[in-house]
Amino acid sequence: MQVHSFLHGDTETYTHVLADVEQQLCAIVDPVLDFDAKSGHTSTDSVDEVIAFVRSQGWQLVYIIETHAHADHISAAPHVKEQLGGQLVMGKYITEVQKIFKQVFNFDTSFRTDASQFDILTDEDSVLELGDIKITVLHVPGHTPADMAYVAKDSEKQVVFTGDTIFAPDVGTARCDFPGGDAKTLYHSIQKLLSLDEDTVMYLCHDYPSQGRQHCPSTTVRAQKQSNIHVKDGINEAEFVQMRERRDATLEMPRLIIPSVQVNIDAGNLPKPEANGTRYLKVPINAL
C-alpha cells in the first residue's frame, strides 16, 4: 500500500492517492477543482497534477472517493472520471444533505435527491476492494449527516481517510453548525476513529497549520489521543459539545460554501449551460 498526498494551496485541501502498487490499482480521495470566486473562473490545473501522477505510475483508477459534500471547495470528480475512469463513491446519507440544500437553493424538480448522481453509495461497514487492500467504511456524521471515513488495510499496515471529521492535533476538529450538523454526534464519530489501532495513520482532508508549522497531510491515532486540542483523552462529551458550539458561533461561513455545496451535492457537476451557453450558480440571499 502506498498513499501520495497533494495539497491544494488555495483551499488547504489534501487530495490523496491510495494505491495497491503490485496490482497497479488506485483510488483518488477528495479531488479539488480550481475556482476563482472573484471571476467565477474554473480550471483543472491542480487536479491535472494528480492525474498526471497516476498516469506516470501506470495505475488504473478504480474509485474516486468523496468523504462528504464539501463546503470549502468544488469537487473535480467529473474531470477525474473523464480522464481516468473509475467509479464515484459517496456516503448514502448524502440524500439528507441533498434534501436540505435543494430547499436552500430552491432547485427545481429536475434536481435528484436520491443520490443517483453517484456510482457507489456506502454505509457503515461497507467494504470496497482495491486489489489486496480492503477499504472498510465508517459512518462519521456530525460535521454533515453524510460524512464517511475510509479505513484501508493490507497485510502490512492500516490507514484511515478522515474527511473533515478531525484535523491535525494542533488544529482540532470540524465545525458542526452547517445544516444537519451536530456537536454531540461529531464527538461520538470521533470516538470511532480514536478506537482504531493507535499506529493507524490518519490522512486528513485539510490542514490549517499554526504559525511556524509546515502543512502536513497525516497524523496518527496515538497523536490525536495524546494532544488534539479539542478531543484528546480526558475531554468528555459535555466539555467537547460546549467548546464546539461556543467556537462555531464565532465562525464565518466558508469562503466557497455557496458555489461548493450546490455543485458537490450534484456529484461535482456544474449547472447546465443556459440558452446563451453560460453556466450560472445561484446565490441565496440571507439564507446561510
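Okay, residues lined up against (1) within 16 Å of the chain's Cα centre (by Cα); (2) over 18 Å from Arg55 (Cα atoms); (3) free of Cβ contacts under 8 Å to residues at least 12 places away in the same chain:
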site: His68; (1), (2), (3): yes, yes, no
site: His79; (1), (2), (3): no, no, no
site: Gly85; (1), (2), (3): no, no, no
site: Val89; (1), (2), (3): yes, yes, no
site: Lys99; (1), (2), (3): no, yes, no
site: Phe105; (1), (2), (3): no, yes, no
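Go through the residues of the stretch 33-53 one by one and say whether even a single one is closer than 17 Å to Ala152 by Cβ, modelled with pLDDT of 95 or more and not hydrophobic (A, V, I, L, M, F, W, C). Checked the stretch 33-53: no residue is closer than 17 Å to Ala152 by Cβ, modelled with pLDDT of 95 or more and not hydrophobic (A, V, I, L, M, F, W, C).
Let's see how each residue does on (1) farther than 28 Å from Glu252 by Cβ; (2) buried (at least 18 other Cβ atoms within 10 Å of the Cβ):
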{"position": "Ser56", "(1), (2)": "yes, no"}
{"position": "Gln60", "(1), (2)": "yes, no"}
{"position": "Ile64", "(1), (2)": "yes, yes"}
{"position": "His68", "(1), (2)": "no, yes"}
{"position": "Ile74", "(1), (2)": "no, yes"}
{"position": "Val80", "(1), (2)": "yes, yes"}
{"position": "Leu88", "(1), (2)": "yes, yes"}
{"position": "Lys92", "(1), (2)": "yes, yes"}
{"position": "Lys99", "(1), (2)": "no, no"}
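Which one is farthest from the chain's Cα centre (by Cα) among residues in the stretch 116-164 that are under 22 Å from Val261 (Cα atoms) and free of Cβ contacts under 8 Å to residues at least 40 places away in the same chain? The extreme case among them is Ser116. Scanning the stretch 7-23 for residues that are not in a loop (DSSP other than H, G, I, E, B) and not aliphatic (A, V, I, L, M) yields His8, Thr13, Tyr14, Thr15, His16, Asp20. Does any residue of the stretch 270-284 turn out to be among the aromatic types (Phe, Trp, Tyr) and loosely packed, with under 14 Cβ neighbours inside 10 Å? Checked the stretch 270-284: at least one residue is among the aromatic types (Phe, Trp, Tyr) and loosely packed, with under 14 Cβ neighbours inside 10 Å. Among the residues of the stretch 58-96, the ones that are closer than 26 Å to His41 by Cβ and part of a helix (DSSP H, G or I) come to 8 in all. Phe53 satisfies every condition listed in (1) assigned to a loop (DSSP other than H, G, I, E, B); (2) in contact with a strand residue (DSSP E or B) (Cβ under 7 Å, 6 or more places away or on another chain) except (1).
Here the condition is being within 22 Å of the chain's Cα centre (by Cα), within 20 Å of Pro31 (Cα to Cα) and either surrounded by 13 or more Cβ atoms within 10 Å (Cβ to Cβ) or of a type outside the set (Ser, Thr, Tyr) (or both); of Val261, Val231, it holds for Val261 alone.
Would you check if His4 is outside any strand (DSSP E or B) and within 17 Å of Asp207 (Cα to Cα)? No. Of all residues in the stretch 208-227, those that are in contact with a strand residue (DSSP E or B) (Cβ under 7 Å, 6 or more places away or on another chain) and not in a helix (DSSP H, G or I) total 5.
The values are calculated or read from the model by the stated rules, or taken from the named source; none is laboratory data. Given the structure is predicted, the values throughout are model-derived calculations rather than measurements. As a convention, Cβ positions derive from the backbone with ideal geometry for all residues, glycine included, and neighbour counts pool all protein chains shown.
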